[in-house]
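The values are calculated or read from the model by the stated rules, or taken from the named source; none is laboratory data. Worth saying up front: this structure is predicted, and the values here are computed from it rather than measured. Methodologically, a virtual Cβ is constructed for each residue, glycine included, from the backbone with ideal geometry; neighbour enumeration extends over all protein chains shown. Surface accessibility is based on the protein's heavy atoms, side chains included, excluding ligands, DNA and RNA. Shrake-Rupley method; radii C 1.70, N 1.55, O 1.52, S 1.80 Å.
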Amino acid sequence: GLVTNAFNYCGISLAFFQFFFKIYMFLLDIFKQVKKADQNTKLMLVGEGLLQEQVCQKIKELNLQNDVILCGAISNVHEVMQAMDFFVLPSLFEGLPLVGVEAQAAGLTVIVSDKVSKDLQITGLLSYMSLEDSSDKWAEEILKQKCTERADFHKEIISAGYSIEQTANIIGKLYQEL
C-alpha cells in the first residue's frame with residue numbers, strides 16, 4: 001500500500017486502450033530513475049488495458065514489484081489522487097485529458113508530454129516535457145518539483161469552466177434546443 005511519508009506519484013488513464021496511448025513503459029523507466037534518487041517513492045497506476053501483462057513484466061524486469069501499485073479500473077480516482085503527490089502523463093497523443101484537469105483540481109503537480117493539448121494549462125501546477133527527453137530528464141524534473149505544497153485550485157478550475165453545475169446547465173440547454 002501507500003506509505004504516508006512516502007513521495008507518491010501516479011500515472012492514470014481510464015481509456016480502454018490506455019497502454020497504446022500512454023507509453024507506460026516510458027513511465028516505468030521514469031519511475032525507476034525517481035526511485036534511484038528517492039527510495040521512499042511509490043508509483044500508482046490506475047486503469048486497465050490490453051498490454052497489462054507486458055507492463056507487469058516490465059515492472060518485474062525493473063525490480064519494482066514492491067514499489068508499483070496496480071489499481072486496475074476504479075471509480076474513485078478523485079479520492080485516490082488525494083494520496084498522490086504528483087501526476088505524470090507521458091502521452092503519445094491526447095486531446096484534452098480530463099484526468100489532467102482532475103489532477104490539477106486535486107492540487108497535484110502535473111507533468112505531461114508536449115503532445116497534450118495546451119488547453120490543459122489551467123493552473124500553475126502543470127508543465128510540459130518532450131517525449132524526446134530522456135527518462136532521466138523527466139525524473140529530474142519530478143524530483144525538482146516534488147516539494148511543492150498542495151493548495152486549493154477549486155476557483156481556478158471552476159473559472160475555466162470545469163464544474164458539474166456549469167456542465168449540467170450547458171447540456172440542459174443543448175437538449176432544450178433539440
Of the candidates 96, 131, 70, 64, the one satisfying the condition of being at pLDDT below 90 and either among the acidic types (Asp, Glu) or farther than 21 Å from residue 158 by Cα (or both) is 70
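Look at residue 137 and say whether it is free of Cβ contacts under 8 Å to residues at least 12 places away in the same chain, in contact with a strand residue (DSSP E or B) (Cβ under 8 Å, 6 or more places away or on another chain) and under 19 Å from residue 34 (Cβ atoms).
Working: free of Cβ contacts under 8 Å to residues at least 12 places away in the same chain: yes; in contact with a strand residue (DSSP E or B) (Cβ under 8 Å, 6 or more places away or on another chain): yes; under 19 Å from residue 34 (Cβ atoms): yes.
So residue 137 passes the test.
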For the structure I just gave you, tell me whether residue 161 is without any contact (Cβ under 8 Å) to a residue 12 or more places away in the chain and in a loop (DSSP other than H, G, I, E, B). yes
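Identify all residues within the stretch 93-140 that are part of a strand (DSSP E or B) and of a type in the set (Phe, Trp, Tyr); write none if there are none. First the steps, then the outcome.
Within the stretch 93-140, the first condition is being part of a strand (DSSP E or B), and the residues that meet it are 109-113, 126-129.
Within the stretch 93-140, just 128 meets the criteria.
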For the stretch 101-128, name all the residues that are surrounded by fewer than 18 Cβ atoms within 10 Å (Cβ to Cβ), closer than 21 Å to residue 24 by Cα and not acidic (Asp, Glu). 115, 117, 127, 128
If you take the residues in the stretch 37-63 that are free of Cβ contacts under 8 Å to residues at least 24 places away in the same chain and assigned to a helix (DSSP H, G or I), which one is least open to solvent (accessible area, probe 1.4 Å)? 56
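Please go through the stretch 64-89 and pick out each residue that is free of Cβ contacts under 8 Å to residues at least 12 places away in the same chain and more than 18 Å from residue 100 (Cβ to Cβ).
If we filter the stretch 64-89 for residues that are free of Cβ contacts under 8 Å to residues at least 12 places away in the same chain, which is where we start, we get 65-66, 75-76, 79.
If the condition is that a residue be free of Cβ contacts under 8 Å to residues at least 12 places away in the same chain and more than 18 Å from residue 100 (Cβ to Cβ), then 65, 66, 75 are the ones that fit.
On the given criteria, is residue 32 open to solvent by 50 Å² or more (accessible area, probe 1.4 Å), charged (D, E, K, R) and without any contact (Cβ under 8 Å) to a residue 40 or more places away in the chain?
Working: open to solvent by 50 Å² or more (accessible area, probe 1.4 Å): yes; charged (D, E, K, R): yes; without any contact (Cβ under 8 Å) to a residue 40 or more places away in the chain: no.
When the stated conditions are applied, residue 32 does not pass them.
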Being β-branched (Val, Ile, Thr) and either at pLDDT 55 or above or surrounded by 17 or more Cβ atoms within 10 Å (Cβ to Cβ) (or both) is the filter here; which residues of the stretch 1-29 pass it? 12, 23
Report, by residue number, each residue of the stretch 78-100 that is open to solvent by 10 Å² or more (accessible area, probe 1.4 Å) and aliphatic (A, V, I, L, M). 80, 83, 92, 96, 98, 99
